[in-house]
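A.B. asks: Okay, handing you the structure first.
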Amino acid sequence: MKKKKRIAVAMSGGVDSSTAAALLKEQGHDVIGLTMRLWSDASSCAPSSRACCAPEDIYDARRVAESLDIPFYVVDYEVPFQRHVVDDFIRSYTAGKTPNPCIRCNQSMKFERLLAKAQALGADALATGHYARIVQREDGHPELWRGLDRRKDQSYFLFATTLGQLAHIAFPLGGLSKAETRQVAERAGLHVEQKAESQDLCFVPDQDYRAFFQKHAPEALRAGEIVHQDGQLLGQHKGLPLYTIGQRRGLGIAAKHPLYVIRIDAALNQLVVGPKEALLSRSFVMGDLNWLGREPPNVQTSLEARIRYAAQPAPAIVEPLEKNRLRVTFSTLQHSITPGQAAVLYRGDRVLGGGWILESEG
């Protein structure tokens with residue numbers, strides 16, 4: 001029988017984190033519920049927005065904790081969330097990049113601040129509802145692995161955890177499918193068993209980026225030129241943060257053939273468009289690395305790289321560069337390699353590390 005531990009659970013009020021808490025309680029652990037209050041903008045946390053910071057989600061998390069008879073705490077991280085996640089989101093979009101704030105939130109909120117809070121409460125570990133696994137090596141060091149359910153695997157969002165943090169993190173759902181999670185929730189009598197998943201960023205309700213930037217960073221919505229890759233002026237854009245690489249709809253331009261956003265030039269405040277084939281490239285440079293393997297590669301190495309959550313890892317050659325950067329070259333052309341997005345490196349099911357896409361090299 002495994003040793004019973006005191007484990008804090010990051011509870012969002014959804015079925016995944018609630019089920020994680022129920023499973024740990026069922027296994028006999030001393031469980032604590034922790035919920036982060038991250039964003040108090042009333043317009044962002046309206047009930048219709050399905051945002052994960054909504055007051056009803058805190059209420060749901062509290063109800064689950066009460067039904068499981070576990071202590072429950074709400075911690076207010078609104079100020080650091082604004083500084084490390086929201087402000088970074090605004091800066092990245094303004095610079096012509098497409099950020100991934102969920103990874104930043106995991107990095108700076110859950111596995112830094114909330115883990116420290118859990119430990120201050122005497123917890124041995126912090127558990128979350130992520131679909132990922134931690135595998136202990138024979139020497140006792142932890143490894144981050146993909147979740148068994150490939151459709152729900154969330155290891156991509158977790159590459160920024162450190163080895164020191166992994167030693168104090170648990171993912172109780174890593175070996176389950178979503179259907180199995182809901183079955184466990186039903187067995188435990190959790191009222192959130194059929195609760196819908198939040199699809200939007202918690203601080204951008206209904207994915208209305210224009211309304212968000214108009215309120216929080218109106219200076220970022222400067223109109224500018226839309227130009228073809230051959231230099232032809234085609235129209236005006238309404239602000240670079242409203243567009244992403246690979247976008248086709250909503251450009252407001254007329255052309256004989258479909259055109260896509262292929263580059264965002266913040267220095268010139270230009271949106272560059274071109275045919276779909278212009279989105280294909282084979283290599284990119286990534287930086288700001290976090291490595292979970294024994295050491296970063298110091299020679300060309302064959303691994304698998306994942307350039308967005310919805311993509312599967314693809315074979316690639318990884319080449320070390322200066323300044324904590326890597327060049328990644330795929331064996332086949334990839335679609336819409338996007339600066340600002342995360343790139344995560346795997347060997348089989350194991351996450352070796354990751355970083356942020358700096359530029360696509362064609």
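The values are calculated or read from the model by the stated rules, or taken from the named source; none is laboratory data. If you're wondering where the values come from, they're calculated on a predicted model, not measured in any experiment. Here Cβ is always computed from backbone atoms with ideal geometry, including for glycine, and neighbour counts include all displayed protein chains.
A.B. asks: If you scan the range 175-192, which residues turn out to be of a type in the set (A, V, I, L, M, F, W, C), surrounded by 18 or more Cβ atoms within 10 Å (Cβ to Cβ) and either at positive phi or not in a loop (DSSP other than H, G, I, E, B) (or both)?
C.D. replies: First, pick out the residues of the range 175-192 that are of a type in the set (A, V, I, L, M, F, W, C): 176, 179, 184-185, 188, 190, 192.
Filter once more, so that each one left must be surrounded by 18 or more Cβ atoms within 10 Å (Cβ to Cβ): 176, 184-185, 188, 190, 192.
Scanning the range 175-192 gives Val184, Ala185.
A.B. asks: Turning to a different aspect of this structure: Kindly provide the set of residues from the range 224-242 that are closer than 10 Å to Leu271 by Cα and either in a helix (DSSP H, G or I) or small (Gly, Ala, Ser) (or both), ordered by number.
C.D. replies: Once the filter is applied, which keeps residues that are closer than 10 Å to Leu271 by Cα and either in a helix (DSSP H, G or I) or small (Gly, Ala, Ser) (or both), the range 224-242 yields Gly224, Gly235, Gly239, Leu240.
A.B. asks: Among the candidates Gln207, Gln214, single out the residue that is within 17 Å of the chain's Cα centre (by Cα) and not hydrophobic (A, V, I, L, M, F, W, C).
C.D. replies: Criteria check complete, one pass: Gln207.
A.B. asks: Residue under question is Ile337, and the condition is that it be touching a Ser or Thr at 6+ places or on another chain (Cβ under 6 Å), under 30 Å from His237 (Cβ atoms), modelled with pLDDT of 95 or more and of a type in the set (A, V, I, L, M); does it hold?
C.D. replies: Numbers: touching a Ser or Thr at 6+ places or on another chain (Cβ under 6 Å): yes; under 30 Å from His237 (Cβ atoms): yes; modelled with pLDDT of 95 or more: yes; of a type in the set (A, V, I, L, M): yes.
Answer is yes for this residue.
A.B. asks: Run Val318 past the list (1) in the same structural domain as His237 (by TED's automatic domain parsing); (2) buried (at least 16 other Cβ atoms within 10 Å of the Cβ) and report the number of the one that doesn't hold.
C.D. replies: Here Val318 clears every test but (1).
A.B. asks: Follow-up. Need at least 2 residues that are in contact (Cβ under 8 Å) with a residue 60 or more places away in the chain per element, so show me which strands (runs of 3 or more DSSP E) inside the range 255-307 make the cut, counting only ones lying wholly within it.
C.D. replies: Numbers: elements: 260-265, 270-274, 280-291, 301-306.
Of the strands (runs of 3 or more DSSP E) lying wholly inside the range 255-307, those with at least 2 residues that are in contact (Cβ under 8 Å) with a residue 60 or more places away in the chain span 260-265, 280-291.
A.B. asks: When the residues of the range 126-139 are filtered to those that are over 14 Å from Gly293 (Cα atoms) and not hydrophobic (A, V, I, L, M, F, W, C), which remaining residue is modelled with the lowest pLDDT? Spell out how you get there, then give the answer.
C.D. replies: At the first step, the residues of the range 126-139 found to be over 14 Å from Gly293 (Cα atoms) are 126-133, 138.
Narrowing further to those that are not hydrophobic (A, V, I, L, M, F, W, C): 128-131, 133, 138.
On the way: Thr128: 98, Gly129: 96, His130: 97, Tyr131: 97, Arg133: 97, Glu138: 79.
Per the stated criteria, the residue is Glu138.
A.B. asks: For the range 235-252, name all the residues that are surrounded by fewer than 17 Cβ atoms within 10 Å (Cβ to Cβ) and under 10 Å from Val272 (Cα atoms).
C.D. replies: none
A.B. asks: Being part of a loop (DSSP other than H, G, I, E, B) and farther than 25 Å from Leu358 by Cα is the requirement here; does Ile245 meet it?
C.D. replies: Working: part of a loop (DSSP other than H, G, I, E, B): yes; farther than 25 Å from Leu358 by Cα: no.
In short, no.
A.B. asks: How do the helices (runs of 4 or more DSSP H) wholly within the range 72-174 filter down when requiring 2 or more residues that are over 25 Å from Ala22 (Cα atoms) and under 15 Å from the mean Cα position of the chain (by Cα): which remain? Working first, answer last.
C.D. replies: Details: elements: 78-81, 87-94, 101-105, 115-120, 163-166.
Once the helices (runs of 4 or more DSSP H) in the range 72-174 are filtered for at least 2 residues that are over 25 Å from Ala22 (Cα atoms) and under 15 Å from the mean Cα position of the chain (by Cα), what remains is 87-94, 101-105.
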